[in-house]
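Presented below is the structure to which this report refers.
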C-alpha cells in the first residue's frame, strides 16, 4: 500500500486540487449562475489560495504556488474575468454600491483584503514579484 501511495504521488489539496479546477471550469461554463455569485465563489477560492501561499516558507515557493494555481486554471480564470468585467461595466452605480456592500459582508472579504496586502508587503523588495502578483490576480479588481 505504501508503494502505491509513493508511486501515485501526493494528490494536490486546497486551491490546487482537482476539485477547485472543476469548480472554476463549471463556473465559467454554467450560464445559470449569476455573475455576482461567480465573483463570490471565485473570491472565496482566492482567499483560500492566498492563505496557502502565505504559509509557504519562502517568497519563491509562495509565488510558485500562485503561479501554479494560475497556470492550472488559466482558461477558466480568463473567461470568468471577462464576464465579471463586462458585468461591472454594465451595472449602474447603485447596483455597484449594493454589490460592494454584499461583498463586504461575505466571510472571506476581510481575509482576502488582509492576505492581498500581506503578500504585497512580503514581496515589497521585488518589483518583478509585485508586478507578477498584480497581473495574475487582477481578476478580483472591479473596474469600469
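The values are calculated or read from the model by the stated rules, or taken from the named source; none is laboratory data. Because the structure is a prediction, the values reported are computed rather than measured. Don't worry about glycine lacking a Cβ; one is built from the backbone with ideal geometry, like all the others, and counts go over all protein chains shown.
Does at least one position in the stretch 70-92 carry a residue that is within 24 Å of residue 18 (Cα to Cα) and in contact (Cβ under 8 Å) with a residue 60 or more places away in the chain? Taking every residue of the stretch 70-92 in turn, at least one turns out to be within 24 Å of residue 18 (Cα to Cα) and in contact (Cβ under 8 Å) with a residue 60 or more places away in the chain. Residue 51 falls short on exactly one of the conditions (1) modelled with pLDDT of 85 or more; (2) within 23 Å of residue 119 (Cβ to Cβ); (3) in contact with a helix residue (DSSP H, G or I) (Cβ under 8 Å, 6 or more places away or on another chain); (4) assigned to a loop (DSSP other than H, G, I, E, B), and that condition is (4).
Keeping to the stretch 54-80, report how many residues are touching a helix residue (DSSP H, G or I) at 6+ places or on another chain (Cβ under 6 Å) and outside any helix (DSSP H, G or I). Of the residues in the stretch 54-80, 2 are touching a helix residue (DSSP H, G or I) at 6+ places or on another chain (Cβ under 6 Å) and outside any helix (DSSP H, G or I).
Scan the stretch 122-144 for residues that are part of a helix (DSSP H, G or I), over 15 Å from the mean Cα position of the chain (by Cα) and either surrounded by fewer than 14 Cβ atoms within 10 Å (Cβ to Cβ) or without any contact (Cβ under 8 Å) to a residue 40 or more places away in the chain (or both) and report the count.
From the stretch 122-144, those part of a helix (DSSP H, G or I) are 122, 127-136, 138-140; that's our starting set.
Checking the rest, the ones that are also over 15 Å from the mean Cα position of the chain (by Cα) come to 122, 127-131.
Checking which are either surrounded by fewer than 14 Cβ atoms within 10 Å (Cβ to Cβ) or without any contact (Cβ under 8 Å) to a residue 40 or more places away in the chain (or both) leaves us with 127-128, 130-131.
Adding up the residues that qualify gives 4.
Kindly indicate whether any position in the stretch 90-99 is under 17 Å from the mean Cα position of the chain (by Cα) and either surrounded by fewer than 17 Cβ atoms within 10 Å (Cβ to Cβ) or not in a helix (DSSP H, G or I) (or both). No, the stretch 90-99 has no match at all.
Scan the stretch 111-121 and give yes if some residue there is surrounded by fewer than 16 Cβ atoms within 10 Å (Cβ to Cβ), at pLDDT below 90 and more than 19 Å from residue 16 (Cα to Cα), otherwise no. Please lay out each step first, then the result.
Keep residues of the stretch 111-121 that are surrounded by fewer than 16 Cβ atoms within 10 Å (Cβ to Cβ), which gives 113-114, 117-118, 120-121.
When the remaining residues are screened for being at pLDDT below 90, the result is 113.
Those still in the list that are more than 19 Å from residue 16 (Cα to Cα) too: 113.
There is at least one residue in the stretch 111-121 that is surrounded by fewer than 16 Cβ atoms within 10 Å (Cβ to Cβ), at pLDDT below 90 and more than 19 Å from residue 16 (Cα to Cα).
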